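Student: Could you have a look at this structure, given as structure tokens, before my questions?
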Amino acid sequence: MKKTKNIAELQEIARRMRIDVLKMIHLAGSGHPGGSLSAADIIVSLFFSIMNHSPEYKKLDARDKFVLSKGHAAPILYAVLAECGYFPREDLWTLRKLDSHLSGHPYAPSTPGVEVTTGSLGQGLSQANGIALSDRLDKHDTNVYCLMGDGEMQEGQVWEAAMSAAHYKLGSLIAFLDGNELQIDGWVKDIMNVEPLDKKWESFGWHVQRINGHDFTAIMGAVEEAKKVKDKPSMIICNTVKGKGVSFMERLAKWHGTAPNSDELRRALAELGAE
Amino acid sequence: MAVELSLRDFYGKTLVELGKKNPNVVVLDCDLSGSTRTSLFAKEFPARFFNMGVAEQDMIGTAAGLAAGGKIPFASTFAIFATGRGWEQIRQSVCYPQANVKIVASHGGVTVGPDGPSHQAGEDVAIMRAIPGMTVIVPADAYDTAAAVRAAEEFTGPVYIRLTRDKFPVIYEESRKFEIGRATTMKNGSDVTFITCGLMTHAALIAAEKLTQLGKSAAVLDMGTIKPLDEPAVLKAALETGAIVTAEEHNIIGGLGGAVAEAVSGNVPVPVVRVGLPDQYFSSGTPEELLEAAGLTPEHLVEAAMRAINLKRGGKA
């Protein structure tokens, strides 16, 4: 994969990916726009600027790997994988349809580029740890990236995995936390407070950074910092905006799991400058 | 008195054998490696052994990740914790994507004994069997265990193997080969067939001897794989003997008895008398006391067989 550090290019890719996400979810008639839009800039940075990956690579090749632990953000992952050439872009319009290889949540056996199966929250980090351990046994000099949600921090398994990643000194593991502050029922702080997240992760033995998750320079810089830390897993807590890029979706729990209707899609695409 | 050997000892020894043969074999445990005998592997291959602490969900997920990297993880702890604490992780991260993870759990059933109901797994087979894409194996003795573990390593896909704390009487030869999904005929007979797994296969062989003295001929079919069930063997037994008794050290609901009844009812509806743990919690006690209390004895199997034979003649239960 050709990588770019050009911010304007990354912004342009992210804009187009957000458009694809909204079209996909509209056509599916269901799905989760809010968390795909908040995670878009992180995932675009990973696949177009940071990770060593390619649709040409074989499963067991030494390569960077990505685990989407917050599996409900599948649409943004699918849009990015299609853009990278893992499968045809037309497939995106079959999201959530019977016989489509694009399930509502990531399913590794059916979708090229999806490493492990997620969708039940809290299970991705353990799997990312397992991949990192496997890569270590194979002496691969590669990184494993894992994207989690802030509501997901309420799952106990996350903290089991946080402990084991630090215990096994998984320096190759770099996790992102999409801190959009909202979950289905409302604000995370009202439903079940998870803060202070930086102190929690630090106390579990992780190297922690906190950045603006919509700032490409900050995302790339944080990963460079994280790569320098060899004896600890890294957590990059990203302050993000749920529904980012569509004014009427931003910071509203309603858009966690609601598909835009035709009128809403038209307005959203207009804001994103879709042709 | 038959020779008794420990299933978990043979599990540990077989892991070491597989570890030497295949560098992709890795092992995980949840702070019970001494009990499950994965400690034998840990000693031999420390870099390929991962103690996950008392965290079953993370162990299952980590195993799934290792499998994604091409490893063959064997994940072990007690049966109740492996299947209960990690059930949804087993469903979501292992079985749904068909990750090549082997879950080998010790301390199944009531023969766990004095630790009491918190540690006695009577539901594990039922809840593993309910997950699509899971293979469920309950070995009958130590040699069967070694053979089943070898078969699981060669097989691609999720496998659950249930072992026990107690030693079992040896009924197989050391050269035993385990074929996943194939029942083993231990004894032929014409009046009734015992379909059994685990410790109850030995009990059924004793019961069959007792039945001979009563003038009845009982077959014994060891159903080492509960899922996928060897349906042809079950239906053949139903056709040939016309009555079936199932026996297992597991809750009467949802285990081997349930699987056999499901297979028989829609195909060759003959009487199926199920012997298993009553749907209740037991207590602390010795394995012998608990087996007696649960009715998992050769004497009780003889009664069950007589009842099944009577039922096929149109008699009342």
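Student: Once both labels are modelled 7 Å past Cα along the beta-carbon direction, what's the A:GLU225-B:ALA293 spacing in nm?
Tutor: Inter-label distance under the simple model: 5.9 nm.
Student: Could you tell me the extents of the range B:4-169's C-alpha atoms along the three principal axes, largest first, rounded to whole Å?
Tutor: Principal extents (Cα only, largest first): 40, 31, 27 Å.
Student: Working with all protein chains in place, sort B:SER39, A:SER247 by solvent-accessible area computed with a 1.4 Å probe, largest first.
Tutor: On the way: B:SER39 40, A:SER247 75 Å².
Reading off the accessible areas and sorting them downward yields A:SER247, B:SER39.
Student: Considering only DSSP states other than H, G, I, E and B, which chymotrypsin sites (Phe, Trp or Tyr not before Pro) in the range A:175-275 qualify as loop sites with at most 14 other Cβ atoms within 10 Å? Please report the intermediate quantities before stating the final value.
Tutor: Details: sites: A:PHE176, A:TRP187, A:TRP201, A:PHE204, A:TRP206, A:PHE216, A:PHE248, A:TRP255; in loops: A:PHE204, A:TRP206, A:PHE248.
Answer in residue order: A:PHE248.
Student: Would you work out the charge dipole size for the range B:129-273 about its Cα centre, treating the Cβ of every Lys and Arg as +1 and the Cβ of every Asp and Glu as -1, and quote it to the nearest 20 debye? Display every interim value, and only then the final one.
Tutor: Details: 13 positive and 17 negative charges, 26 e Å.
Approximately 120 debye in magnitude.
Student: Then there's this: Give me the accessible area buried between chains B and A, both sides summed, with a 1.4 Å probe, in Å² rounded to the nearest 100. Don't skip to the answer; put the middle values down first.
Tutor: Details: alone 12550 and 11710 Å², together 22200 Å².
In total, chains B and A hide about 2100 Å² from solvent.
Student: Note the angle between two axes, namely the Cα long axis of helix A:124-137 and the longest principal axis of the Cα atoms of chain A, as a number of degrees from 0 to 90, rounded to the nearest 10.
Tutor: Value to nearest ten degrees: 50.
Student: Further question on the same structure: Could you size up the charge dipole of the protein assembly as shown around its Cα centre, putting +1 on the beta carbon of Lys and Arg and -1 on that of Asp and Glu, and report it in debye to the nearest 20? Intermediate results must be reported in sequence, preceding the final value.
Tutor: Details: 61 positive and 70 negative charges, 178 e Å.
Here the size comes out at about 860 debye.
Student: Against the longest alpha carbon principal axis of chain A, how many degrees, from 0 to 90 and to the nearest 10, is the axis of helix A:33-45 turned?
Tutor: Helix A:33-45 and the main axis of chain A meet at about 50 degrees.
Student: Give me the percent of the accessible area of the range B:4-169 that comes from carbon and sulfur atoms, probe 1.4 Å, all protein chains in place.
Tutor: Values: 2410 of 4670 Å².
Roughly 51 percent of what the probe reaches on the range B:4-169 is carbon or sulfur.
Student: Sticking with this structure for a sec: Run the dipole for the range A:39-97 about the Cα centre, Lys and Arg Cβ at +1, Asp and Glu Cβ at -1, nothing else charged, and hand back the magnitude in debye, nearest 20.
Tutor: On the way: 8 positive and 7 negative charges, 54 e Å.
The calculation lands at about 260 debye.
Student: Along the positive direction of the dipole of the protein assembly as shown (beta-carbon charges: Lys, Arg +1; Asp, Glu -1; about the Cα centre), which of B:ILE90, B:GLY53, B:LEU277 reaches farthest?
Tutor: Result: B:ILE90, furthest along the dipole toward the positive end.
Student: Charges on Cβ only, +1 for Lys and Arg, -1 for Asp and Glu, centred on the Cα centroid of the protein assembly as shown; of A:ASN180, B:ALA259, A:CYS84, which one is farthest towards the dipole's positive end?
Tutor: A:CYS84
Student: Taking beta carbons within 10 Å but only from partner chains, what does the mean come to for residues B:46-57? Working shown, then result.
Tutor: Numbers: counts 0, 3, 2, 0, 6, 2, 8, 4, 1, 8, 2, 9.
Counting other chains' Cβ atoms within 10 Å and averaging over B:46-57 gives 4.
Student: Give me a comma-separated list of calculated 3J(HN,Hα) values for the range B:134-139, in order, Karplus coefficients 6.51, -1.76, 1.60 applied at θ = phi - 60°, integers in Hz, x for any Gly or Pro.
Tutor: 9, 9, 10, 10, 10, x
Student: Let me ask something else about it. Using the alpha-carbon centroid of each, what span in Å lies between the range A:217-275 and the range A:138-159?
Tutor: 18 Å
Student: Nearest 10 degrees, 0 to 90: what angle lies between the long axis of helix A:74-83 and the longest principal axis of chain A (Cα atoms)?
Tutor: Helix A:74-83 and the main axis of chain A meet at about 90 degrees.
Student: Between the DSSP loop rule and a limit of at most 10 other Cβ atoms within 10 Å, which trypsin sites (Lys or Arg not before Pro) in the range A:225-275 are left?
Tutor: Details: sites: A:LYS227, A:LYS228, A:LYS230, A:LYS242, A:LYS244, A:ARG251, A:LYS254, A:ARG266, A:ARG267; in loops: A:LYS230, A:LYS242, A:LYS244, A:ARG251.
Taking the range A:225-275 and a limit of 10 other Cβ atoms within 10 Å, the loop trypsin sites (Lys or Arg not before Pro) found are A:LYS230.
Student: Across the range B:281-290, in residue order, what do the Karplus-derived ³J(HN,Hα) couplings come to in whole Hz, using 6.51 cos²θ - 1.76 cosθ + 1.60 with θ = phi - 60° and x for Gly and Pro?
Tutor: 8, 9, 7, 5, x, 7, x, 4, 4, 6
Student: Give the accessible surface of the range A:1-99 per residue, rounded to a whole number of Å², with probe radius 1.4 Å and ligands, DNA and RNA excluded. Could you put the intermediate results ahead of the total?
Tutor: Working: 3630 Å² over 99 residues.
Spelled out: the 1.4 Å probe surface of the range A:1-99, per residue, equals 37 Å².
Student: Can you give the average number of partner chain beta-carbon atoms within 10 Å of each beta-carbon in peptide A:131-144, as a whole number?
Tutor: Mean partner-chain Cβ count within 10 Å for A:131-144: 4.
The values are calculated or read from the model by the stated rules, or taken from the named source; none is laboratory data. Quick caveat, the model's predicted, so the values are computed rather than measured. Quick reminder, even Gly has a Cβ in these numbers, built from the backbone with ideal geometry, and neighbours come from all protein chains shown. Accessible surface areas use protein heavy atoms only, side chains included; no ligands, DNA or RNA. Shrake-Rupley method; radii C 1.70, N 1.55, O 1.52, S 1.80 Å.
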